[in-house]
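One structure is given below, encoded as C-alpha cells.
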Amino acid sequence: MDSIIEQLKSELLKISKEKGSLHVAVVMHPVPDPDCIGSAYGMKRIIKEWFPDAKCSLIYSGEISHPQNTTMMNVLNLQLINVEEIDQLKQPEGAKEFADAYICVDCVPERSSVPSAEYLFVVDHHKGDTENAKIKDIRFVGSCSTLVWDYMNQIGIELDKTVEEDSNVATSLIVGIKTDTADLVTDIVSDLDFEAFRSLIGPMDQRSLAKIINYPIPPYYFELKKRLDEENHIYSGHGIFIGGIGYISAAKRDALPSIAEERARMEGIDTSFILAIVGGNLEVSVRSSGLAIDVDKIIKKIFGKNNGGGKMGAGAAKIPMGSFSVEGEDSETQGEAWEFARKLWFARILKEMADHR
C-alpha cells in the first residue's frame with residue numbers, strides 16, 4: 001500500500017494531467033505561527049520537487065503582526081497570500097476555484113483560513129479530525145513541521161545548505177519545531193521531533209535562525225504590560241493568573257500570547273489567561289504548565305467549542321461580541337463595556353478553574 005505522501009503525489013499527478021497544469025493552495029490557519037508557516041513552506045518545497053512547473057500559493061487570513069512571525073517572513077523572504085487577495089488572483093477564463101487542489105497544514109480544514117474549500121490533503125498534529133479531506137495525516141507529535149520533514153525524508157529530498165531556497169526551508173522547519181515544542185521540552189515531544197531537528201541542523205542557516213529567534217520586541221509590548229499592571233485588572237491566586245488589557249488594535253493582538261507565556265512562568269502560577277477586546281471580539285490567550293490542565297477542553301468549556309481551542313500547554317479563544325460590540329463608540333462607552341466583559345469572563349474563568357484545583 002502506498003504511503004500517505006505517495007497517495008498525495010498520485011492524486012496531484014492525476015489533477016496535473018487532467019488540467020494540463022497544476023496550481024496548489026497550501027492553506028494555513030488564521031494568523032499562522034512559525035510551525036504553521038514552516039509546514040506550509042516545506043509542503044511547497046515538496047510540491048516543487050514533484051512538479052517543478054507547478055504554481056504553489058501559501059494562504060492565510062487575519063493579520064500577521066507578531067514580531068517573530070514578521071521577522072521570519074522577512075529574513076526567509078516568504079511570500080504569503082491573504083484570503084482577501086484571492087478574488088483578485090483567481091485564474092482566468094472564469095475559473096470557479098482559486099486553485100486546482102487545496103492542502104491544509106497545522107489545522108483541520110474547518111479551522112483553516114479557507115474553511116469552505118474542498119481539501120485534497122490535511123496534515124496536522126493536534127487533537128481532532130475532519131471529514132473534509134480525501135487524504136489525511138493527523139499524528140500527535142510535537143510539531144507539524146516534523147511531519148512535513150518526515151515526508152521529505154520518505155521521498156528522499158536532501159536539502160542543500162548552499163541553495164538559498166533549501167536553506168530557508170530547513171531554517172523555517174527548525175523554527176517551527178523549536179517554537180511548538182518549547183525547544184524540545186514539552187510533554188508531546190516525540191522521537192520523530194528529535195530526529196527531524198537533528199537532520200535539519202545541517203542545511204539550516206545559523207545567521208537567519210539567530211535573527212528569527214532574537215527578533216526585535218516592539219515598544220507596545222512593554223506598554224501593554226504596564227497598562228495591565230497599572231489598571232490593576234488582574235487576579236492572581238491558587239496557581240492562576242488572569243489579566244485584562246482592555247481595548248487594543250489588531251496590530252498589537254500578538255502581544256497576548258507573549259504576555260500569557262510570561263505570566264504563566266511567575267512563581268506560584270501555572271496557568272494564565274490574558275484577555276483583550278480586539279475590534280468586535282473578545283480575544284483570550286492561555287498558557288499552562290499544569291499537568292492536570294487540559295487547555296483545549298478548558299477553553300472550549302469556558303468560551304464555547306466553536307470559539308477556540310488549544311493543545312498541551314497553550315490555546316486561544318475569540319468570542320464575537322455581536323450586538324454588544326462597541327467598536328467605534330466613545331471611550332466612556334467602551335470603558336463601561338470592557339468593565340462588564342472583564343468581570344463576566346473573570347468570574348467564568350475562576351468558576352471553571354476551581355474544578356481543576
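Couple of notes before you dig in:
- Test: residue 184 is at pLDDT 95 or above and either in a helix (DSSP H, G or I) or not assigned by TED's automatic domain parsing to the domain that holds residue 313 (or both): no
- For the stretch 233-252, the criterion of being surrounded by 17 or more Cβ atoms within 10 Å (Cβ to Cβ) and either in contact with a Cys (Cβ under 6 Å, 6 or more places away or on another chain) or assigned to a helix (DSSP H, G or I) (or both) is met by at least one residue.
- Here is the figure for the stretch 228-269: residues that are under 20 Å from the mean Cα position of the chain (by Cα) and either acidic (Asp, Glu) or not assigned by TED's automatic domain parsing to the domain that holds residue 339 (or both) total 3.
- Filtered residue count, the stretch 243-261, keeping only those that are touching a helix residue (DSSP H, G or I) at 6+ places or on another chain (Cβ under 7 Å), of a type outside the set (A, V, I, L, M, F, W, C) and over 19 Å from residue 344 (Cα atoms): 2
- Restricting attention to the stretch 187-205 and to residues that are part of a helix (DSSP H, G or I), of a type outside the set (Phe, Trp, Tyr) and within 20 Å of the chain's Cα centre (by Cα), the residue that is surrounded by the fewest Cβ atoms within 10 Å (Cβ to Cβ) turns out to be 193.
- Test: residue 31 is surrounded by 18 or more Cβ atoms within 10 Å (Cβ to Cβ) and in a loop (DSSP other than H, G, I, E, B): yes
- Residue in the stretch 50-67 that is in contact with a helix residue (DSSP H, G or I) (Cβ under 6 Å, 6 or more places away or on another chain), in a helix (DSSP H, G or I) and assigned by TED's automatic domain parsing to the domain that holds residue 177 present: yes
- Per the conditions (1) over 20 Å from residue 185 (Cβ atoms); (2) touching a strand residue (DSSP E or B) at 6+ places or on another chain (Cβ under 6 Å), the sole criterion not satisfied by residue 302 is (2).
- Output for the stretch 315-345, where each listed residue is small (Gly, Ala, Ser) and either in a helix (DSSP H, G or I) or at pLDDT 85 or above (or both): 315, 316, 317, 322, 323, 331, 335, 337, 341
The values are calculated or read from the model by the stated rules, or taken from the named source; none is laboratory data. In this text the structure is predicted, and so the values were computed from the model without any measurement. FYI the Cβ positions are ideal-geometry reconstructions off the backbone, even for glycines, and counts take in every protein chain you see.
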